[in-house]
Amino acid sequence: MLYENYQSPWMDEELGMLRDAAGKFFAQEFSPHNDQWIQQGKIDRDAWRQAGDAGLLCAAIPEAYGGGGGDYRHETVIMEEHLRLGITGFGNQVHSAIVAPYLLHYGTEEQKLRWLPGMAKGDIVGAIAMTEPNTGSDLQSIRTTALADGDEYIINGSKTYISNGQHADLVIVVAKTDPSLGAKGISLILVETDNPGFERGRNLKKLGQKAADTSEMFFSDCRVPIGNRLGEAGRGFIQLMQQLPQERLNIAQAAVVQTERALELTVDYVGERQAFGQRILDFQNTRFKLAECKTEALIGRTFVDQCVIKLLAGELDAATASMAKYWCTDKQCQIIDECLQLHGGAGYMDEYEISRMYADARVQKIYGGTNEIMKELIGRSLG
Ligand SMILES: Cc1cc2nc3c(=O)[nH]c(=O)nc-3n(C[C@H](O)[C@H](O)[C@H](O)COP(=O)(O)OP(=O)(O)OC[C@H]3O[C@@H](n4cnc5c(N)ncnc54)[C@H](O)[C@@H]3O)c2cc1C
């Protein structure tokens, strides 16, 4: 344990049991395959179904739709357990904590019954496609269109950097149903990937998180029923703004757990390694650096815990979620860099986990809205 005397205030006995079960499942079923998944650039398809069978998908979705009947805390506990084992290729945060909640909050009863049970089983993998080759941060400028033609939409455009892109069976596509209206013309449309107008692009090669599939997607006269729209036409931008605080908190929590993991690995390493007749841990520089890092990790942990409590009460605002996302991911990158330094040359070698953690961390400052955009959002709360 990194902290001797701290427990998240939202934890309870039932969540503790879920944590134990999830930890055992990931250690037994996922960890042995992680190196292979990194080599192949994606996890095995069967891993999704195994996680579904173990009840680890859609944990916060009501049982009536096949989910676990829990809440956001359940998703968090499951995420923490696979990240603690260095499994960063399992895109369950996107699947269970982003895509499924969109369906739950904005879907019709028919849409929920059609897709959520399959998502909870792992038969259907979800993705969300906002980013395009020409625009990411400036979401209002997307060019993908979904134009009504009778009782169908015809979707044209392309998306990129889409998590779960290779595995996805169902994609929430952010598209303009009325391009003349700017942000007010954006809608969210559900597209099944066996649709003839849909084409999956490359599984993009990345600096880190190599077992996470990240893809291009192309839509060419892709016809879907009007009934595949999530909520009202033109509400897409508002729906995204409503859901992004949870997504950003999730990224901040991932940052905190990975920071804690890096510190644990480093404390073990410097406690063993000797130089100049003493442990690396016994140098004052090492102790001071790690003391600073541990303090900042605990500040991050207590902050995200407060955000979880706010989220559960429906009170997590955009600025606070942005603070958590930017600060915790900045700290993750800084602290993992310090941890790598304390490993010396070993820290640069693939066989030491800290090296992979360094590469995996970098994107945390970019996706889910860049940290510069987070500061813009916080800035707007200044008056
Ligand atoms: C591994 C990975 C997974 C991803 N998964 C998904 C996914 O599942 N779905 C999805 O839709 N997208 C996904 N993305 C895309 C990600 O959300 C975008 O890359 C991100 O939002 C930034 O957009 P961009 O790449 O177009 O950068 P740009 O918007 O081109 O930004 C370039 C630089 O300019 C800065 N900048 C832009 N605007 C401003 C401003 N107003 N003020 C100050 N600085 C600014 C940015 O901060 C950045 O530093 C993923 C990306 C990666 C790398």
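The values are calculated or read from the model by the stated rules, or taken from the named source; none is laboratory data. The model shown is predicted, which means the values in this text are computed figures rather than measured ones. Don't worry about glycine lacking a Cβ; one is built from the backbone with ideal geometry, like all the others, and counts go over all protein chains shown.
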* Asked: Any residue in the stretch 218-235 that is away from the ligand (no atom under 14 Å from the Cβ), modelled with pLDDT of 95 or more and farther than 20 Å from Gly150 by Cα?
  -> yes
* the stretch 135-151 residues that are closer than 12 Å to Cys222 by Cβ and touching a residue at least 12 places away in the same chain (Cβ under 8 Å), paired with ones that are of a type in the set (Val, Ile, Thr) and assigned to a loop (DSSP other than H, G, I, E, B) (beta carbon under 9 Å, 6 or more apart) -> Thr145/Thr177; Ala146/Thr177; Leu147/Thr177
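Go through the stretch 188-210 residue by residue and tally those that are part of a strand (DSSP E or B) and either more than 22 Å from the chain's Cα centre (by Cα) or more than 16 Å from the ligand (Cβ to nearest atom) (or both).
Qualifying residue count for the region: 3.
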* To do: Take the stretch 263-301 and flag every residue that is polar (S, T, N, Q) and under 33 Å from the mean Cα position of the chain (by Cα).
  => Thr266, Thr286, Thr295
* To do: Could you tell me which of the residues Ala262, Ala275 is of a type in the set (Gly, Ala, Ser), exposed (fewer than 14 other Cβ atoms within 10 Å of the Cβ) and in contact with a Phe, Trp or Tyr (Cβ under 9 Å, 6 or more places away or on another chain)?
  => Ala275
* Asked: helices (runs of 4 or more DSSP H) wholly in the stretch 9-110 with at least 2 residues that are hydrophobic (A, V, I, L, M, F, W, C) and in contact with a strand residue (DSSP E or B) (Cβ under 8 Å, 6 or more places away or on another chain) - which ones?
  -> 100-106
* Asked: Quick one: Lys184 ticks every box in (1) touching a helix residue (DSSP H, G or I) at 6+ places or on another chain (Cβ under 8 Å); (2) within 16 Å of the ligand (Cβ to nearest atom); (3) not in a strand (DSSP E or B) bar one, so which box is it?
  -> (2)
* So which of Lys331, Lys289, Lys365, Lys310 ends up being out of contact with any Ser or Thr (no Cβ under 6 Å at 6 or more places or on another chain) and either more than 29 Å from Met130 (Cα to Cα) or within 16 Å of the ligand (Cβ to nearest atom) (or both)? -> Lys289
* Asked: Going by the structure shown, is Gln166 under 28 Å from Leu377 (Cα atoms) and of a type outside the set (Gly, Ala, Ser)?
  -> no
* To do: Within the stretch 89-103, identify whether any single residue is polar (S, T, N, Q) and closer than 23 Å to Gly231 by Cβ, and answer yes or no.
  => yes
* Structure fact -> Checking Ala318, Ala324 in turn, the sole residue that is surrounded by 20 or more Cβ atoms within 10 Å (Cβ to Cβ), farther than 18 Å from Gly208 by Cβ and in contact (Cβ under 8 Å) with a residue 60 or more places away in the chain turns out to be Ala324
* Filtering the stretch 86-101 down to residues that are out of contact with any Asp or Glu (no Cβ under 8 Å at 6 or more places or on another chain) and within 10 Å of the ligand (Cβ to nearest atom), which residue is farthest from Phe26 (Cα to Cα)? -> Val99
* Taking into account only those residues within the stretch 145-162 that are buried (at least 22 other Cβ atoms within 10 Å of the Cβ) and within 16 Å of the ligand (Cβ to nearest atom), which is nearest to Thr214 (Cα to Cα)? -> Ile162
* **Selection count, the stretch 20-49, where residues are in contact with a helix residue (DSSP H, G or I) (Cβ under 9 Å, 6 or more places away or on another chain) and buried (at least 17 other Cβ atoms within 10 Å of the Cβ)** => 11
